[in-house]
1. For segment 139-182: of the residues being hydroxyl-bearing (Ser, Thr, Tyr) and closer than 17 Å to residue 439 by Cα, which is modelled with the lowest pLDDT?
2. Let me confirm something: among 279, 255, 320, which residue is outside any loop (DSSP other than H, G, I, E, B) and surrounded by fewer than 24 Cβ atoms within 10 Å (Cβ to Cβ)?
3. Hey, can you tell me all the residues within segment 181-201 that are farther than 18 Å from residue 411 by Cβ, surrounded by 12 or more Cβ atoms within 10 Å (Cβ to Cβ) and among the small types (Gly, Ala, Ser)?
4. Could we say that residue 438 is closer than 22 Å to residue 172 by Cα and either buried (at least 18 other Cβ atoms within 10 Å of the Cβ) or touching a residue at least 60 places away in the same chain (Cβ under 8 Å) (or both) here?
5. Please find, within segment 446-488, the residue that is nearest to the chain's Cα centre (by Cα) out of those that are in a helix (DSSP H, G or I) and charged (D, E, K, R).
6. Does segment 238-247 contain at least one residue that is in contact with a Gly (Cβ under 7 Å, 6 or more places away or on another chain) and either modelled with pLDDT of 85 or more or outside any helix (DSSP H, G or I) (or both)?
Amino acid sequence: MEILSLLGSGFGVALQPLNIMLLLTGCFVGTLVGALPGLGPVNGVAVLIPLTFAFGLDPTSSLILLSAVYFGTMYGGRISSILLNIPGDEPALMTTLDGYPMAVQGHAANALALSGVASFVGATLAVIGLSLFAPMLARVAIHFGPADYFALYILAFATIGGVAGVDPRKTLLSATLGLMLATIGIDPISGVPRYTGENYHLFDGIEPIVALVGLFAISEILMLLEKLAKDRTKAIHVKSWLPQWGVIWKTRYAMLRGSGVGFVAGVLPGAGASLGSFMAYVVEKQTSNRNNTFGKGDPRGVAAPEAGNNAASGGALIPMLSLGVPGSGTTAVLLAMLISLNVQPGPLLFERQPDLVWGLVASLYMANVALLILNLPMIGIFTKLMVTPTWALMPIVAAITFVGVYGISNSVFDLELMIAFGVLGYLLRKLDVSLVPLVLGLLLGGDMERNLRRAMSISDGDWWILLASPISIGLYILTAGFLALSVWLAIRDNRMEKAARLTEE
């Protein structure tokens, strides 16, 4: 009853006319920012922070505006993933695997509707979890040490073969290349530059969004140039903006599983929506891919990662508000904004400033409803992008990617690096090497190394620290179990294929 009372007071804050206007504005702007390749939630939120100071917004109104932008970008990231095979942001990477094939098969409207509903389900369940379980989940997350995080990333990389690639050697090659690229920059412990070629632009490492846009957007442009871009994309006629409820009903368990996995990943500080989306897809593929339809336009391959990344975005707010520890890159930006407004997130925030906390929670319920209403009627507009001739669409995509990447750091070097990654992505695609493991290696490799180095520093080089925690042991057991399950499924699939061949003969 106390939670309902606090939520009631929170809705009193969120329903103030100014906060409603800021929430709707944030939802609309966030969706547009998320749909543009190369921008993403961190940049969308960071760009708007100066406006909160310029207009003299109080901390509660500022947080409502920027959180609406945050949630909006997570919704919007799916649009370019499905229509152009270019992730709008890092967590939307997994949506390309089945979302784009659905669009190519003429189901773009259904994929967009399904992803919108999945985003709503994941984000809403995450906000419910934020309302009910924030103190308990925060206590669990605070027990994770460096060795536990290293074990978590071992689990992530052990499951990488289940994401993409039939040939495990090519998958391993791609992941290893990503991990190697993640080591470029200043050594996190000694401060010595590594693999930078004395180029100061690389001292901070490779900006993941630059690599992501290059690998997907630029390589896609090169692939289309190779085909001479003569053919127009077939028009997709949208008779109704309403989704096919039968398809959504069939993916209900995928949404629930993805939401649960994503929420847990979001609660863990530093894991973020990328890991949530990735793990949600892997779990769903291992659970449901009985007919080898994942990667070929399976709706469950769209529903699970979209629910996962949106649930993770809500879960990432828990350690930020309860512990003062950002759960993702975007919540780190939000944390910096709150501190600059003399608001100190942490265990006492719920007692000292309940209007801010519960006003934010109430606004997130409202934002999810607003985003669902906003996204579904616009399906027709989004699918009309598919009618645009390739020769006209690709220059627009190229312009957006160049402007978006340049806007991150105002660096010409980043544009050159993006082009280099585009050429690399083109070559790997020609060799049938999946780009997904490479990107995941680049995204997760840095955090994996930092946590390993911290654990080694704490133990003075004693490797047993990696097995000293019950949490890490549990994660290693889970990793072993997942690998054993993968081997068993592979053996079963091979036996089924041999049996099918014998039957045909």
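The values are calculated or read from the model by the stated rules, or taken from the named source; none is laboratory data. None of the values given here were measured: they were computed from a predicted structure. Positions of Cβ are generated from backbone atoms using ideal geometry, with glycine treated the same way; all protein chains shown enter the neighbour counts.
1. Within segment 139-182, the first condition is being hydroxyl-bearing (Ser, Thr, Tyr), and the residues that meet it are 149, 153, 159, 171, 174, 176.
Those still in the list that are closer than 17 Å to residue 439 by Cα too: 153, 159, 171, 174, 176.
Numbers: 153: 80, 159: 66, 171: 78, 174: 85, 176: 88.
Filtering segment 139-182 for residues that are hydroxyl-bearing (Ser, Thr, Tyr) and closer than 17 Å to residue 439 by Cα, the one modelled with the lowest pLDDT comes out as 159.
2. Details: 279 fails: surrounded by fewer than 24 Cβ atoms within 10 Å (Cβ to Cβ); 255 fails: surrounded by fewer than 24 Cβ atoms within 10 Å (Cβ to Cβ).
When all the criteria are applied, what remains is 320.
3. If the condition is that a residue be farther than 18 Å from residue 411 by Cβ, surrounded by 12 or more Cβ atoms within 10 Å (Cβ to Cβ) and among the small types (Gly, Ala, Ser), then 182 is the only one that fits.
4. On the way: closer than 22 Å to residue 172 by Cα: yes; either buried (at least 18 other Cβ atoms within 10 Å of the Cβ) or touching a residue at least 60 places away in the same chain (Cβ under 8 Å) (or both): yes.
Criteria met by residue 438.
5. Residues of segment 446-488 that are in a helix (DSSP H, G or I), as a first pass: 446-458, 463-467, 470-488.
Filter again for charged (D, E, K, R), leaving 447, 449-450, 453-454.
On the way: 447: 16, 449: 21, 450: 21, 453: 26, 454: 26 Å.
It comes out as 447.
6. Going through segment 238-247, the residues in contact with a Gly (Cβ under 7 Å, 6 or more places away or on another chain) turn out to be 238, 241.
So of that shortlist, the ones also either modelled with pLDDT of 85 or more or outside any helix (DSSP H, G or I) (or both) come out as 238, 241.
Yes: one or more hits.
One line per residue, one yes/no per condition, for (1) free of Cβ contacts under 8 Å to residues at least 60 places away in the same chain; (2) in contact with a helix residue (DSSP H, G or I) (Cβ under 6 Å, 6 or more places away or on another chain); (3) under 30 Å from residue 145 (Cβ atoms); (4) of a type outside the set (A, V, I, L, M, F, W, C):
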{"residue": "418", "(1), (2), (3), (4)": "no, yes, no, no"}
{"residue": "421", "(1), (2), (3), (4)": "no, yes, no, no"}
{"residue": "446", "(1), (2), (3), (4)": "no, yes, yes, yes"}
{"residue": "465", "(1), (2), (3), (4)": "no, yes, yes, no"}
{"residue": "483", "(1), (2), (3), (4)": "no, yes, yes, no"}
{"residue": "494", "(1), (2), (3), (4)": "yes, no, no, yes"}
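Let's see how each residue does on (1) part of a loop (DSSP other than H, G, I, E, B); (2) surrounded by 24 or more Cβ atoms within 10 Å (Cβ to Cβ); (3) hydrophobic (A, V, I, L, M, F, W, C); (4) over 13 Å from the mean Cα position of the chain (by Cα):
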position	(1), (2), (3), (4)
287	no, no, no, yes
291	yes, no, no, yes
295	yes, no, no, yes
311	no, yes, yes, no
